[in-house]
Amino acid sequence: MRTVGKSLTEKILQHHKVSGSLTMGQELAIKIDHTLTQDSTGTMAYLQLEALGVDRVQTKRSVAYIDHNTLQVGYENADDHAYIQSVAAKYGIYFSRPGNGICHQVNLERFSIPGDTLLGSDSHTPTCGGMGMLAMGAGGLDVAVAMGGGAYYLTMPEIVNVRLTGSLPAWSSAKDIILELLRRLTVKGGVGKVFEYSGEGVETLSVPERATITNMGAELGATTSIFPSDHNTYAFLQAQGRADDWQELKADADAVYAQVISINLNEIEPLVACPHSPDQVVQLATLPPTAVNQVCIGSCTNSSYTDMMKVAEILKHHTVHPGVSLVISPGSKQVLTMLSETGALTDMIEAGARILECACGPCIGMGQAPATEGVSLRTFNRNFHGRSGTANAEIYLCSPEVAAISAITGHITDPRTMQLAPISVQMPDAFMIHDNLIIPPVVDGSEGAIKRGPNIKPFPQNHALPDELTGSILLKMGNNITTDDIMPSPAWLLPLRSNIPALSKHCLTPIDPDFPARAAKQGGGFLVAGENYGQGSSREHAALVPLYLGVKGVVARSFARIHVANLINSGILPLVFVRPEDYDVLQANDQLSLDHLHDQVKHGDILELTDRTQQVTIQVKIAAPTERLKDILMAGGLLSYTKNCHERRQ
């Protein structure tokens, strides 16, 4: 009997399988080799790790990064950093200090290993898929469980093969490849899928270019994206002084995929994502003349050494347009140091660029908000409405090359219309390596004291699921509601990430400014939404804060992968309409009830939801209804479930 070949994704999953099946749609548990956190989600993740009662992390390596909340206008962010550093010392976690760089860029440079698994409390963790890792974003509690030695559970995704042929023409970039996929598939086109890249075109892409593509695969809603580990991977690791971490990894020649998408790189043109979604992609040549007020270059998507060197080469001997503010944030200390050593940093500064620290910065709304009704051109991964910090700003996404040229011309410019020679930057044979801002774990930190500032509050925990849930529809929403909508995070709110009670005053205010007060007054209730509810960031605050406000269930046409997991982890029922048209039946303020809930959850996938106001009953189902997930909901969330399992084992 002939054996069917395996994809690269299947090979890694099979090697790490703890239980379950690699059959599409079935639940699968895998061992996690590495974890990462960042300070915006890390405080909550480490509070949860403490609550689990483990003595030391059980992974090969766990790293805590400080890269999000680096703007210190009060004590809150500094207190969070001190807390995370003290937890890292106690539990055996590497600590990447402020200034060392963005978690995904540093992890790619210093810690990524082909064939290993990585779970991160950040939705752009798939960046390391450019290295041949199986890297996935998740909520903080899932990451905490993995640090404690627990398996990570996921629904076996479809594996989509993206076959690349040809090579990119001048002025087209890796950013344009992923924008092309977003143009074709939209922000919900990757839900429940892994994108696995292959073909002759892969060989033309360096590891940083591949990482740009896997990074923005998150905007497709994908579980993750992955490239093979080949000679280019080896060259990158060798230049990082980590050649011993390399192994060749690729799919079998006869691997079978759920879908095959072909992209001819020869045909890729410079693209731009228009406001206010990463999938609003058009060819740059078709964009009407658009003046820009601000250009931002950096983020975990496009802040590598080669990206920055291209930008410096374009800016050299030019001056930024007088109507443009250009800000540049290198992705890591390594990148910034090498820019300084080569003189490229001088070229940037001489041109008029404002150099920011090696951090996420404007990508997450941490500073550099555009002017009122300003147009900002960014090399980032998201341009959701209001994410920049200015609600009426127009945010466009593009490649570093387009951004740099547009900063000079003052309008969004197609490089092919300029009389410029194509820019080519070679990967260095050796990167400058100095890991002095990474603090390795101490041998025994068990006696270390945890530093807990006054802004760090306990996270809310749910109770066991009652047999009846009743409440009103607090808010009815449309499609593609993002975690930025559910839990906004401008610069002035990010310092409150470890203070759920304070954050609760701002929950869903971009949709309805009165929501927090109404939810508190009514003691909670239900939310209703359209398709792809919870897309975007992995922030579990978008579940924890509604939990604090008493939200008992969310009824939607469909959910984003990470957010539905965060809802279940919090013990909030994620319910999907059996008939999508029933979305039109439910109205704001209607009184809902779920009766005999224990029996319904245990013995069936279909639940009866009664709208007492309209005196109708509609059918809903629990999103991803495995027996384990039902048990988690019955226990009141993943933390209670994990503790119960631990007590039973004892």
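The values are calculated or read from the model by the stated rules, or taken from the named source; none is laboratory data. What you see is a predicted model; the values in this text were computed from it and never measured. FYI the Cβ positions are ideal-geometry reconstructions off the backbone, even for glycines, and counts take in every protein chain you see. In case anyone asks, the SASA skips ligands and DNA or RNA and just uses the protein heavy atoms, side chains included. Shrake-Rupley method; radii C 1.70, N 1.55, O 1.52, S 1.80 Å.
Apolar share of the accessible surface for region 207-364: 48 percent from carbon plus sulfur atoms, 1.4 Å probe.
Please state the shape class of region 502-650: rounded when a/c is under 1.5, otherwise prolate if a/b exceeds b/c and oblate if not, all from the C-alpha gyration tensor. Since a/c reaches 1.5 but b/c is at least a/b, the shape of region 502-650 is classed as oblate.
Computed from the C-beta positions of Q461 and R628 and an R0 of 22 Å, the FRET efficiency is 0.70 to the nearest 0.05. Of the peptides 505-518, 528-541, 415-428, 625-638, the order by per-residue mean of other Cβ atoms within 10 Å, starting with the highest, comes out as 528-541, 625-638, 505-518, 415-428.
Cross-link reach is defined here as a Cα-Cα straight distance under 24 Å, omitting same-chain residues fewer than 8 places apart; for K451 the lysines meeting it are K90. In region 248-348 the Cα-Cα distances spread across 10 Å bins starting at 0 as 11, 29, 31, 20, 8, 1 percent of all pairs. For region 479-501 versus region 247-269, the inter-centroid distance based on Cα atoms is 37 Å.
Classification of region 480-565 by its C-alpha gyration tensor yields an oblate form. The axis ratio a/c (a ≥ b ≥ c) is 1.5 or more, and b/c is at least a/b. Under a cut-off of 20 Å between alpha-carbon atoms, report the aspartates and glutamates in cross-link reach of K11, not counting same-chain residues fewer than 8 places apart. Partners found: E27, D33, D116, E158, E196, D230, D245, E248, D252, D254.
Measure out, as a whole number of angstrom, how far apart the alpha-carbon centroids of region 356-387 and region 153-192 sit. After rounding, the separation between the Cα centres reads 24 Å. Measuring max minus min along each principal axis, the C-alpha atoms of region 309-445 give extents of 55, 37, 21 Å (largest first). Across the alpha-carbon set of the chain, the Rg to Rh ratio works out to 0.95, Rh being the Kirkwood radius.
Expressed as a whole percent, the accessible surface of region 68-169 that belongs to carbon and sulfur atoms is 47, based on a 1.4 Å probe. Seen from L182, the other residues with C-beta closer than 13 Å to its C-beta sum to a net charge of +1, counting Lys and Arg as +1 and Asp and Glu as -1. Most tightly packed first, judged by the mean number of other beta-carbon atoms within 10 Å of their residues, the peptides 135-145, 153-163, 231-241 read 135-145, 153-163, 231-241. Expressed per residue, the C-alpha convex hull volume of region 304-375 stands at 86 Å³.
Atom-type composition of the exposed protein surface of region 426-558 places 54 percent of the accessible area on carbon and sulfur (1.4 angstrom probe).
So for region 108-204, what percent of the C-alpha to C-alpha distances run longer than 20 Å? For region 108-204, the fraction of Cα-Cα distances above 20 Å is 46 percent.
Legend: calculated FRET efficiency, V256 to A235, from the Cβ-Cβ distance at R0 = 22 Å, rounded to 0.05, equals 0.10. In the context of the full set of protein chains, region 373-505 has a per residue accessible area of 43 Å² (1.4 Å probe).
Once the C-beta distance of T204 and E350 is scaled by a Förster radius of 51 Å, the resulting FRET efficiency is 0.95 to the nearest 0.05.
For region 1-99, the Kirkwood radius over C-alpha pairs fed into Stokes-Einstein at 4 °C and 1.567 mPa s yields D = 81 µm² per second. Each Lys or Arg adds one and each Asp or Glu takes one away; over the other residues whose Cβ falls under 13 Å from the Cβ of T23, this sums to -2.
Secondary-structure-derived ellipticity at 222 nm for the chain, considering helices only, amounts to -8000 deg cm²/dmol, per-run term -39500 (n - 2.57) for DSSP H runs with n ≥ 4.
With K and R counted +1 and D and E -1, the other residues having a Cβ less than 15 Å from that of G445 yield a net charge of -1. Using the Karplus relation 6.51 cos²θ - 1.76 cosθ + 1.60 with θ = phi - 60°, the per-residue 3J(HN,Hα) values for region 349-359 come to 5, 4, 6, x, 6, 9, 8, 9, 6, 6, 7 Hz, with x marking Gly and Pro.
In the calculated pair-distance distribution of region 405-507, the portion above 19 angstrom amounts to 77 percent of the Cα-Cα pairs. Surface exposure of region 264-357, expressed per residue as accessible area with a 1.4 Å probe, stands at 38 Å².
In this structure region 20-173 gives 24 Å² per residue of accessible area when probed at 1.4 Å with all protein chains present. What you get for the chain, charging only the Cβ of Lys and Arg (+1) and of Asp and Glu (-1), is a dipole of about 800 debye around the Cα centre.
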